[in-house]
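A quick write-up on the structure given underneath.
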Amino acid sequence: MSRLIVFVFLILILFITLQYLVRGMAALKKKSSREFEPEELVQDPHCQTYIPKKSALKKRIAGELLYFCNQGCMENYMNKTVKKG
Ligand SMILES: [Zn+2]
């Protein structure tokens, strides 16, 4: 009788271990399948600096979407374009 209890106990441990392994592998797969996004660079039309699109300031000027490295560049560029006509 005690042998059966040990056997059942071992099966239970094996089952739990397998479940953990499967979960761990699934989590790992999920993590690795996450696609790597290459950082897209955009040029600041004011200071000609290349900046990552994500961190750039977006501004639509005359129907064209422009990217700036900071607020100062955006304002300077806008002032320049307004002066130009
Ligand atoms: Zn700039």
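Bear in mind these aren't lab numbers, they're just calculated from the coordinates by the rules spelled out. Keep in mind it's a predicted model, so treat the numbers as computed, not measured. As a convention, Cβ positions derive from the backbone with ideal geometry for all residues, glycine included, and neighbour counts pool all protein chains shown.
General remarks:
- For the chain, with +1 on Lys and Arg beta carbons and -1 on Asp and Glu, the positive-most of Leu12, Leu41, Leu28 along the dipole: Leu12
- Helix axis angle, 2-32 relative to the chain longest principal axis, alpha carbon, degrees: 10
- Rounded to the nearest whole angstrom, the semi-axes of the ellipsoid equivalent to the chain, taken from the Cα gyration tensor as √(5λ), stand at 64, 9, 9, largest first.
- Check: segment 41-84 dipole with +1 on Lys, Arg Cβ and -1 on Asp, Glu Cβ, in debye: 100
- Angle of helix 71-84 to the longest C-alpha principal axis of the chain, folded into 0 to 90 degrees and rounded to 10: 30°.
- Relative contact order (%) - the chain, alpha-carbon pairs under 8 angstrom, separation at least six: 18
- Computed about the Cα centre, the dipole magnitude for the chain is approximately 200 debye when only Lys and Arg (+1) and Asp and Glu (-1) carry charge, each at its Cβ.
- Compared with the alpha-carbon gap, the fully stretched path from Phe7 to Asn79 is longer by 17.8 nm at 0.36 nm per residue.
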